[in-house]
Amino acid sequence: MWEIARRPAFQLGFVRDQALAEARAIHPSLEAIQADPVADARLLSEIADWADRYTPLVAEDGSDGLMLDITGCAHLFGGEAALAADIVARLRRQGLAARAAIADTPGAAFAAARYGGPAVVGGGGQAAMLKSMPMLALRIGPDMVSMLERLGLKRIGQIMSAPRAPLAARFGAELIRRIDQALGTDEEAISPRRPMPALIAERRFAEPISLVSDIAASVFSLAAGLATRLEERDAGGRRFELSLYRVDGIVSRAEIGTGRPLRSPKTIGELFAEKLDSLGADFDAGYGFEMVRLAVLATDSAMPAQIDLAGESDGEVDLARLIDRIGIRLGLDRIVRLLPQESGGGEDQALYSVNSGDERADRGDRAGAGRPTCKSGKTRDMVMERRRTPQIALLTLQPTLQFFELETLKSWTQKSLRVRNDSEQFTEELKS
């Protein structure tokens, strides 16, 4: 875990929500700037997008920090110390002051980054590091901190080894929980701001690229690597995301959906090329992209395509490709396919409309699904189709098989159903 935050102001004698007059009494040369929480939140979100290059598990921590789970990622950047140094150096080049700290737990990383701890807390070293930290480093509320300080308890080390029962009775279970989370005895997980992709492939460049042809070549290469891993799982991608990381820190993302599970590198490359082409003037490479990432956001089981004796695939594959290309321009949620639904009305066949981006469109079923809605939120209606031509069906009556003929009368309000077997014949009138 690591935490990034602004320079800890507490070292200068400031505290959160301190009055401006009191702060200027401490530092008369203090410059005051009108706060803009909306702009701060937008900046933090942009930094979080940028930090996604280190790990896909990025969470916002308050209004001025980020928490990243870098488990299994540090070796890609030369180790934990090199990763922390790289993130701080890159942010400094963009005019941002930051501190980074790496620890075994989110609580220890929070304390080290915000309250002057080491950049890398060694494995199991969080207890020694926390002893000299102020109570605020435990992520407890200011009211509880005030209660502790009135009792002369100002450092975490003063309560770390104290009996738990009296502490819990006096200050509540929250204090005990925060201590255990910081020490790692109570497991704590972060909540990433974006869902974890099923698969990821990325490529970094020694020199930035900016041509669409270079991006397309990179997408094809990355898709080829993902195709092998998808094939091992007998799966195909339903949603893909292309992330382009510019040298100035801006991240551009493009997402596509497919009508059927897909893992063909050529098709994936063509869809993204069309997606980038559809952006037109909105596509801005800036000073170039230093990293390209292709992620599979959603997968589904994929069976090999059925081919005929001539070695050509069936029309379903061609239809799926057409749907994908149209979906790039319009969005898959705007394309509707009709699926048959079992009905007891004989000749009447019930058809339900389902978005082509829905995996149920592949299976042809409606099991466990509600009525689909279009982008505007309106519910799609059921469509009834009547066929005038006689049909022959197979009907199971007890242990033997019998045949019946379904004949449609001229009137749309009645139909006659005649069921024949070896010994009798009868007619039943059914109302529509």
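Considering only residues that are part of a loop (DSSP other than H, G, I, E, B) and surrounded by 17 or more Cβ atoms within 10 Å (Cβ to Cβ), which ones fall in region 172-202?
Taking region 172-202 and keeping what is part of a loop (DSSP other than H, G, I, E, B), we get 172, 184-198.
Scanning region 172-202 gives G184, P192, P197, A198.
Which of the following residues is of a type in the set (A, V, I, L, M), in the same structural domain as R53 (by TED's automatic domain parsing) and out of contact with any Leu (no Cβ under 9 Å at 6 or more places or on another chain): A224, A173?
Matching residue, one of A224, A173: A173.
Is one or more of the residues making up region 157-171 touching a helix residue (DSSP H, G or I) at 6+ places or on another chain (Cβ under 8 Å) and either under 27 Å from A48 (Cα atoms) or assigned to a strand (DSSP E or B) (or both)?
The answer is no; no qualifying residue exists.
Residue by residue through region 11-42, note down the ones that are among the small types (G, A, S) and either in a loop (DSSP other than H, G, I, E, B) or within 23 Å of Y115 (Cα to Cα) (or both).
Taking region 11-42 as the starting set, the residues that turn out to be among the small types (G, A, S) are 13, 19, 21, 23, 25, 29, 32, 35, 39, 41.
Of everything in region 11-42, those that are among the small types (G, A, S) and either in a loop (DSSP other than H, G, I, E, B) or within 23 Å of Y115 (Cα to Cα) (or both) turn out to be G13, A19, A23, A25, S29, A32, A35, A41.
Give the residue, chosen from A206, A216, that is over 22 Å from the mean Cα position of the chain (by Cα), assigned to a strand (DSSP E or B) and over 30 Å from R42 (Cβ atoms).
Answer to the selection: A206.
So, in region 264-295, how many residues would count as being in a helix (DSSP H, G or I) and either outside the structural domain of E231 (by TED's automatic domain parsing) or basic (K, R) (or both)?
Residues meeting the conditions: 2.
List the pairs whose first member sits in region 282-302 and is more than 15 Å from W50 (Cβ to Cβ), whose second member is among the aliphatic types (A, V, I, L, M) and assigned to a strand (DSSP E or B), and whose Cβ atoms are under 6 Å apart, counting only residues at least 6 apart or on separate chains?
G288/I209; L294/A201; L294/L242; A295/I200; V296/L199; T299/A235; S301/A235; A302/A235
Say we look at region 259-299 and pick out the residues that are modelled with pLDDT under 90 and among the aliphatic types (A, V, I, L, M); which of these is surrounded by the most Cβ atoms within 10 Å (Cβ to Cβ)?
In this case the residue turns out to be L262.
Of (1) of a type outside the set (D, E); (2) in a loop (DSSP other than H, G, I, E, B); (3) at pLDDT 90 or above, G62 satisfies all except one. Which?
Condition not satisfied by G62: (3).
So which residues in region 142-154 are within 37 Å of the chain's Cα centre (by Cα) and either surrounded by 12 or more Cβ atoms within 10 Å (Cβ to Cβ) or not assigned by TED's automatic domain parsing to the domain that holds A109 (or both)?
P142, M144, V145
If you scan region 106-138, which residues turn out to be under 17 Å from Q158 (Cβ atoms) and in a loop (DSSP other than H, G, I, E, B)?
Y115, K131, S132, M133
The values are calculated or read from the model by the stated rules, or taken from the named source; none is laboratory data. Model, not experiment: these values are computed from the prediction. Positions of Cβ are backbone-derived with ideal geometry, glycine not excepted, and every protein chain shown enters the neighbour counts.
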